[in-house]
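The values are calculated or read from the model by the stated rules, or taken from the named source; none is laboratory data. These numbers come from a predicted model, not from an experiment. Here the Cβ positions follow ideal geometry from the backbone for every residue, glycine too, while neighbour counts run over all protein chains shown. Accessible surface is based on the protein model in full, side chains and every heavy atom, while ligands, DNA and RNA are left aside. Shrake-Rupley method; radii C 1.70, N 1.55, O 1.52, S 1.80 Å.
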Amino acid sequence: MSELTSMTATAVRALLKKREVTPLELVDAAFDRIEAVDGPVNALPTLCPERAREHAAKVDVDGTMLGGIPTAIKDLTEVAGVRSTYGSPLFANLVPERSDILVERLEERGAIVTSKSNTPEFGAGANTFNEVFGKTRNPWNTDKTCAGSSGGSAVALATGMTWLASGSDLGGSLRTPASFCNVVGMRSSPGTVARKSLSNPYDTMSVDGPMARTVEDIALLLDAMTGVHIEDPISRPEPSVSYFDQVQNSAPPKRVAWSPDLGFLPVDQEVRDICEAALVHFRDMGAEVEADCPDFSGTRDIFQALRAEIFVTSHATKLRDHRDQLKPDVIWNIEKGMAMNLDDLGQAHRDRAQLVSDTAAFFGGYDLLVCPTALVPPFDVDIRYIDEVNGHKFDNYIDWLGIAYAITCTSCPSISVPCGFTKSGLPVGLQIVARPRGDGQLLGFAHHFQKATGISTDPIDPKSPQ
């Protein structure tokens, strides 16, 4: 590993500004690292070195936010001139002429796209594998999953193949891989990151967002992602004070609510113990920590219904025309939506509205809600999904992600930050949730927490099982 690839994005941005390194040198270091370590983990199956070097030669180092930092883009997001598969045989040979608006914005603001990161088909499922590129493995133990659906991005960060990466999140796809790989993943408030959707332009369940190794780097990338875009009707203006500056000038939280299970979920005991032990860092900051959370008991039905609606809107024509090329989980989700009636959907929207209202009231008394990011630590890469925890059986491939998707339903911003390791050396993340639209506050509080833990997120070489 070179000195450059072991640095944070914030550190290499400072070097770029001082002309102590060039964007091209960073690009070359990234590709050297990819060649050295991607084989055992399969995180970045599509590379674009010529395109990256061309952009590096002309990027405005001083006049852009990122100034030439190499960045990996999740393979659900199109990059002009680069194979963009969605993890699906249906799009295995797609080379789009235009980039997604997120990529256009990032490149305008100084990102250098080096690669596409692996993802499950259409982002469906929290284990990163597909029929196009195969499995992505966890660098902490290559027999384990990195989770998903932003698994390739998380692994690329954890191994130093990139400094920054994009992801997306519906039921935990930014947060769960971050937890499994000892990096940071943020689900920002809907509209914070503009996204173009041909089927769901007003959707607030799925968001694009940043992944990095530190909260500071997350803030740096989020600043480059955010802002109003004419092609996204719910996109929001950039903050009056940058997210990066909000992090630098933040105060610690004063009141923190803790829930090990959000009141309705089974949680692996070791994960629960590790997250509960991490609460000492908030107490050491002077925060009052109480056991409390909103009533999440109805979120399973809310999420399942609204997710199924999204799958019908986005993928029903694929089921009609290409059923034989879709994985069973995607077929199940589309058919679940097609089987719903308007009463089912109306009830889900009403119940979500009540949850959003209750959560807003809850944050009148707390700065943060914290809980585990995932119910379990990283599991066998050959298991498609977790079907049981502590004797509780899940009846579908998405159910085990309840501790993440419950937060999705609130529209609150949330972030996974490393908080410890299991006895076998596997990472565990703490999910930190802030009040609605409190993205800047969330980043500040998460930054204080990450500093307090002292947990290293320096890149690692992939580890074979013991």
Check your understanding: Would you pick out the residues in the range 133-189 that are over 12 Å from the mean Cα position of the chain (by Cα) and open to solvent by 10 Å² or more (accessible area, probe 1.4 Å)?
Key -> F133, G134, K135, R137, W140, N141, T142, D143, K144
Point to revise | Condition check for G125: in contact (Cβ under 8 Å) with a residue 24 or more places away in the chain and crowded, with 24+ Cβ neighbours inside 10 Å | key: yes
Check your understanding: Based on what the data block shows, is R33 open to solvent by less than 30 Å² (accessible area, probe 1.4 Å), basic (K, R) and under 21 Å from D461 (Cα atoms)?
Key -> yes
Check your understanding: Can you tell which of A14, A80 is closer than 21 Å to K196 by Cβ, surrounded by fewer than 22 Cβ atoms within 10 Å (Cβ to Cβ), modelled with pLDDT of 95 or more and among the small types (G, A, S)?
Key -> A80
Study note, to complete from the structure: Checked T142, T162, T114, T119 against criteria (under 17 Å from Y397 (Cβ atoms) and touching a residue at least 40 places away in the same chain (Cβ under 8 Å)); the one match is T119
Practice item. Search the range 264-319 for residues being surrounded by fewer than 22 Cβ atoms within 10 Å (Cβ to Cβ), in contact (Cβ under 8 Å) with a residue 24 or more places away in the chain and among the hydroxyl-bearing types (S, T, Y), and hand back the single one that is nearest to F449 (Cα to Cα). Key: S297
